Ligand SMILES: [Zn+2]
Ligand SMILES: [Zn+2]
């Protein structure tokens with residue numbers, strides 16, 4: 001939730017040192033200065049606006065009681081546009097008060113028209129619950145706000161449908177509950193005045209494409225009942241929000257992007273952990289990501305987790321309220337555990353003021369941690385980006401970002417937790433040993449000089465469109481007029497559904513043929529979340545998303561929860577549940593997978609002499625086949641154990657390039673070195689793709705081979721890790737020369753001798769980063785770039 005900044009809960013004043021002094025002390029610890037760049041983000045004064053004349057005194061008074069004396073200019077502007085009936089997206093920074101922009105027109109309408117209703121959608125139940133509290137606290141008569149989600153007791157549901165005029169839910173509930181049961185909701189939908197879509201930038205990729213069609217289904221039902229609601233969207237700062245919101249809703253949307261809320265200045269440092277001496281080997285006591293492959297290394301940097309843990313300990317010791325963002329759940333646990341240990345060594349008991357926080361925790365645990373940080377009982381919190389969607393946890397004195405979060409939009413959102421009006425704060429980006437992170441800390445203009453990315457979604461993805469049309473047909477027969485609503489490819493998808501026997505065509509339209517409704521999961525590609533249960537007590541420790549479960553919860557995996565270590569006894573894929581017991585072994589576990597790929601069809605290609613560049617459909621089969629156990633203290637591999645998990649299949653979109661063997665020989669790549677050259681180029685290309693598209697390397701996969709049976713040539717494939725694709729490979733194909741140029745430069749500029757995780761090694765390599773040839777990868781990319789047209 002984002003409320004008006006005046007009402008935002010934020011941390012109290014801090015006795016800690018000024019950010020510049022703090023940074024000076026932090027960087028003076030080691031021999032070499034780890035800071036590659038310092039950017040001063042200046043403070044900004046707020047620009048208040050008068051209450052719009054249409055806002056009733058009753059509503060102004062209610063906001064005034066909550067501490068909002070006047071709106072900021074962007075709030076008033078967006079609210080007025082929406083009140084006048086324009087679809088609007090407000091895309092401004094963290095804690096800029098986006099809630100007021102939709103609460104104001106929605107609640108004013110509810111007060112003016114005693115029959116009108118409002119539907120509010122949040123990406124998570126927790127966010128909807130926060131927003132419910134905010135609306136309920138205004139104590140407006142006759143609004144009767146209520147959450148309607150999977151947790152709502154059956155007994156309350158009917159009351160909500162009949163009497164609530166401000167229903168808060170999520171896209172999943174809209175998809176599974178409200179739309180299929182539209183007859184029960186007819187009264188509510190008939191009177192629907194506003195649809196509010198909060199945190200709409202989270203609807204990206206395949207999930208976003210599904211949500212886009214759920215919203216089209218909602219619009220179709222509203223039209224059937226005679227209503228045409230106004231859509232009000234709230235987004236984090238993003239590139240071209242009007243276009244993204246337009247794709248999401250299928251409507252013309254006006255953007256409000258000028259942030260008029262005040263904020264404090266931030267000192268933003270880019271931090272590169274030092275290279276460890278070659279002979280010290282992988283001696284870091286912090287395990288890398290569970291799927292990491294840091295063995296066989298000649299040279300490594302000090303781990304970003306270790307560095308972040310030390311920085312967290314140092315800032316907490318200075319009394320500075322600090323939030324550390326860590327990408328993986330395991331990483332957040334490890335950072336908290338290490339910072340606690342370091343603090344306890346210095347001052348026994350001080351470690352208790354640091355905790356870990358992540359999305360899989362139960363709601364009560366998360367609330368308690370947030371409360372403790374706001375009240376200062378806790379000084380340090382290590383969190384996954386689950387907090388990106390959390391409540392107004394802002395106004396912190398320092399934010400540490402362990403590893404580039406994948407997009408500039410996320411980076412700014414995380415950094416935005418630091419600083420409040422009238423006070424300076426510190427933000428530090430700690431680079432991981434990764435090509436993209438390394439590139440960014442040495443090219444600050446790519447962070448501070450570039451606009452934030454646009455949100456990418458593709459409603460035309462046939463793997464999304466067809467099942468969504470099936471859902472729509474179940475709700476009411478599809479008519480030719482409906483097809484325009486669902487966009488390009490709808491007719492084709494309907495024809496396929498008819499051919500497959502799912503729909504029947506009649507003169508009046510297309511009818512769903514079955515009794516049961518189609519089973520479509522909006523977040524489907526990863527499968528349902530897997531529950532982690534302690535076998536001895538039956539206690540639910542948390543959940544892990546289905547896509548990661550094979551990697552994190554296989555039998556024998558070491559699983560960390562709140563710093564406590566558990567070992568998995570059994571992963572039950574049928575019940576979606578992993579049984580664990582508490583145990584603290586002195587090893588970590590690292591899963592490995594194998595991948596196979598075949599070309600289904602070529603969509604587009606560029607014939608560039610000895611080089612070919614392709615975009616097309618591929619089938620990818622991957623299977624987690626084994627895991628390594630490694631000593632935590634030394635990183636030494638104890639053994640590799642086989643696993644018996646099913647293979648997972650994926651039809652998706654890939655970009656690939658081929659080179660003639662002759663061109664490689666001419667460039668000086670010996671035949672024996674071709675596999676290592678291609679493999680190294682593949683890793684680095686995957687690492688740099690997030691520079692071009694709103695994805696991160698965990699959204700993409702790759703495969704390289706000296707001869708592929710489908711291309712009959714040396715080939716590097718990079719594919720979307722989502723069924724049907726999510727637009728990433730397509731974007732890579734469209735920007736191929738810029739993408740591969742940045743890849744080539746990142747490898748060539750890396751200071752290591754024969755390849756390191758900052759350039760050609762990958763933390764998720766199924767082959768243990770073997771073979772890899774750094775100099776030959778540069779030769780391969782030079783051949784491609786020399787032949788490829790700009
Ligand atoms: Zn390197
Ligand atoms: Zn690899």
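When restricted to residues that are in contact with a strand residue (DSSP E or B) (Cβ under 6 Å, 6 or more places away or on another chain) and farther than 13 Å from residue 188 by Cα, region 104-119 contains 2. Just one of the numbered conditions (1) surrounded by fewer than 20 Cβ atoms within 10 Å (Cβ to Cβ); (2) more than 12 Å from ligand 1 (Cβ to nearest atom); (3) under 20 Å from residue 668 (Cβ atoms) is not true of residue 754: (2).
With respect to residue 496, determine if the residue is without any contact (Cβ under 8 Å) to a residue 40 or more places away in the chain, farther than 25 Å from residue 93 by Cα and in a helix (DSSP H, G or I).
Details: without any contact (Cβ under 8 Å) to a residue 40 or more places away in the chain: yes; farther than 25 Å from residue 93 by Cα: yes; in a helix (DSSP H, G or I): yes.
Taking the combined requirement at face value, the residue satisfies it.
Can you find even one residue in region 53-68 that is touching a strand residue (DSSP E or B) at 6+ places or on another chain (Cβ under 6 Å) and modelled with pLDDT under 95? Lay out the reasoning, then the answer.
Pass one, region 53-68, residues touching a strand residue (DSSP E or B) at 6+ places or on another chain (Cβ under 6 Å): none.
No, region 53-68 contains no residue that is touching a strand residue (DSSP E or B) at 6+ places or on another chain (Cβ under 6 Å) and modelled with pLDDT under 95.
Taking residue 651, is it touching a residue at least 12 places away in the same chain (Cβ under 8 Å) and farther than 26 Å from residue 550 by Cβ?
On the way: touching a residue at least 12 places away in the same chain (Cβ under 8 Å): yes; farther than 26 Å from residue 550 by Cβ: no.
Spelling it out, it is not the case that residue 651 is touching a residue at least 12 places away in the same chain (Cβ under 8 Å) and farther than 26 Å from residue 550 by Cβ.
Scanning region 765-786 for residues that are within 20 Å of residue 443 (Cβ to Cβ) and within 13 Å of ligand 2 (Cβ to nearest atom) returns a single hit, 777.
Reported count of residues in region 766-780, each being buried (at least 20 other Cβ atoms within 10 Å of the Cβ) and within 15 Å of ligand 1 (Cβ to nearest atom), is 7. Of all residues in region 673-705 being more than 14 Å from ligand 2 (Cβ to nearest atom) and at pLDDT 95 or above, which is nearest to residue 780 (Cα to Cα)? Among those residues, the one meeting the criterion is 674. Of the residues in region 421-440, how many are crowded, with 21+ Cβ neighbours inside 10 Å, touching a strand residue (DSSP E or B) at 6+ places or on another chain (Cβ under 7 Å) and either over 22 Å from residue 314 (Cα atoms) or at pLDDT below 85 (or both)? Number of matching residues: 1.
Of the residues making up region 737-751, not one is away from ligand 1 (no atom under 13 Å from the Cβ) and farther than 18 Å from residue 655 by Cβ.
Residue 704 meets the conditions (1) surrounded by 15 or more Cβ atoms within 10 Å (Cβ to Cβ); (2) touching a residue at least 40 places away in the same chain (Cβ under 8 Å); (3) more than 16 Å from ligand 1 (Cβ to nearest atom); (4) not in a loop (DSSP other than H, G, I, E, B) in every case but one. The failed one is (2). Residue 710 satisfies every condition listed in (1) more than 16 Å from ligand 2 (Cβ to nearest atom); (2) not in a loop (DSSP other than H, G, I, E, B) except (2). Within region 200-253, the set of residues being within 15 Å of residue 486 (Cβ to Cβ) and in a loop (DSSP other than H, G, I, E, B) comprises 250, 251.
Select from region 649-696 the residues that are part of a strand (DSSP E or B) and closer than 30 Å to residue 449 by Cβ and write down the one among them that is nearest to ligand 1 (Cβ to nearest atom).
First, the residues of region 649-696 that are part of a strand (DSSP E or B): 649-659.
This time we only want the ones that are closer than 30 Å to residue 449 by Cβ, so: 655, 657.
Values: 655: 24, 657: 22 Å.
So, considering only residues that are part of a strand (DSSP E or B) and closer than 30 Å to residue 449 by Cβ, the one nearest to ligand 1 (Cβ to nearest atom) is 657.
Taken together, the residues in region 497-516 that are within 18 Å of residue 464 (Cβ to Cβ) and surrounded by fewer than 15 Cβ atoms within 10 Å (Cβ to Cβ) amount to 1. Residues that are under 15 Å from residue 443 (Cα atoms), in a loop (DSSP other than H, G, I, E, B) and within 15 Å of ligand 2 (Cβ to nearest atom) within region 741-764 comprise just one, 759.
Scanning region 178-201 for residues that are surrounded by 19 or more Cβ atoms within 10 Å (Cβ to Cβ) and more than 20 Å from residue 143 (Cα to Cα) yields a total of 5. If you go through region 781-789 one residue at a time, do you hit one that is touching a strand residue (DSSP E or B) at 6+ places or on another chain (Cβ under 9 Å), part of a loop (DSSP other than H, G, I, E, B) and either surrounded by fewer than 24 Cβ atoms within 10 Å (Cβ to Cβ) or at pLDDT 90 or above (or both)? Yes, region 781-789 contains at least one residue that is touching a strand residue (DSSP E or B) at 6+ places or on another chain (Cβ under 9 Å), part of a loop (DSSP other than H, G, I, E, B) and either surrounded by fewer than 24 Cβ atoms within 10 Å (Cβ to Cβ) or at pLDDT 90 or above (or both). For region 499-521, filtered to residues that are part of a strand (DSSP E or B) and over 23 Å from residue 178 (Cβ atoms), the residue that is farthest from the chain's Cα centre (by Cα) is 506.
Looking only at region 129-156, which residues are part of a helix (DSSP H, G or I), under 21 Å from residue 116 (Cβ atoms) and touching a helix residue (DSSP H, G or I) at 6+ places or on another chain (Cβ under 9 Å)?
Looking only at region 129-156, we keep the residues that are part of a helix (DSSP H, G or I), and these are 129-136, 154-156.
Imposing the further condition that a residue be under 21 Å from residue 116 (Cβ atoms) reduces the set to 131-132, 134-136.
Answer for region 129-156, where residues must be part of a helix (DSSP H, G or I), under 21 Å from residue 116 (Cβ atoms) and touching a helix residue (DSSP H, G or I) at 6+ places or on another chain (Cβ under 9 Å): 131, 134, 135.
Being closer than 28 Å to residue 738 by Cα, assigned to a strand (DSSP E or B), touching a strand residue (DSSP E or B) at 6+ places or on another chain (Cβ under 7 Å) and in contact (Cβ under 8 Å) with a residue 24 or more places away in the chain, is that true of even one residue in region 628-646? Checking region 628-646: not a single residue is closer than 28 Å to residue 738 by Cα, assigned to a strand (DSSP E or B), touching a strand residue (DSSP E or B) at 6+ places or on another chain (Cβ under 7 Å) and in contact (Cβ under 8 Å) with a residue 24 or more places away in the chain. No other residue among 721, 734 is at pLDDT below 90, under 30 Å from residue 649 (Cα atoms) and in contact with a helix residue (DSSP H, G or I) (Cβ under 7 Å, 6 or more places away or on another chain) apart from 721.
Would you say residue 613 is touching a helix residue (DSSP H, G or I) at 6+ places or on another chain (Cβ under 7 Å), surrounded by fewer than 18 Cβ atoms within 10 Å (Cβ to Cβ) and closer than 19 Å to residue 735 by Cβ?
Working: touching a helix residue (DSSP H, G or I) at 6+ places or on another chain (Cβ under 7 Å): yes; surrounded by fewer than 18 Cβ atoms within 10 Å (Cβ to Cβ): no; closer than 19 Å to residue 735 by Cβ: yes.
Spelling it out, it is not the case that residue 613 is touching a helix residue (DSSP H, G or I) at 6+ places or on another chain (Cβ under 7 Å), surrounded by fewer than 18 Cβ atoms within 10 Å (Cβ to Cβ) and closer than 19 Å to residue 735 by Cβ.
Within region 763-789, residues that are over 26 Å from residue 304 (Cα atoms) reach partners that are in a helix (DSSP H, G or I) and within 14 Å of ligand 2 (Cβ to nearest atom) with beta carbons closer than 8 Å, at six or more positions or on different chains, in the pairs 776/676; 776/677; 776/680; 779/677; 780/677; 780/678; 780/681; 781/681.
Conditions (1) touching a helix residue (DSSP H, G or I) at 6+ places or on another chain (Cβ under 7 Å); (2) modelled with pLDDT of 90 or more, marked per residue:
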site	(1), (2)
337	no, yes
352	no, yes
356	yes, no
361	no, no
370	no, no
383	yes, no
386	no, no
389	yes, no
401	yes, yes
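For region 322-335, the set of residues classified as over 26 Å from residue 586 (Cα atoms) and out of contact with any helix residue (DSSP H, G or I) (no Cβ under 7 Å at 6 or more places or on another chain) consists of 323 only.
Within region 715-735, does at least one residue satisfy the condition of being surrounded by fewer than 19 Cβ atoms within 10 Å (Cβ to Cβ), on the phi > 0 side of the Ramachandran plot and not in a helix (DSSP H, G or I)? Among the residues of region 715-735, not one is surrounded by fewer than 19 Cβ atoms within 10 Å (Cβ to Cβ), on the phi > 0 side of the Ramachandran plot and not in a helix (DSSP H, G or I), which makes the answer no.
The values are calculated or read from the model by the stated rules, or taken from the named source; none is laboratory data. Just so it is clear, the structure is predicted and the values come from calculations on it, not from any experiment. As a convention, Cβ positions derive from the backbone with ideal geometry for all residues, glycine included, and neighbour counts pool all protein chains shown.
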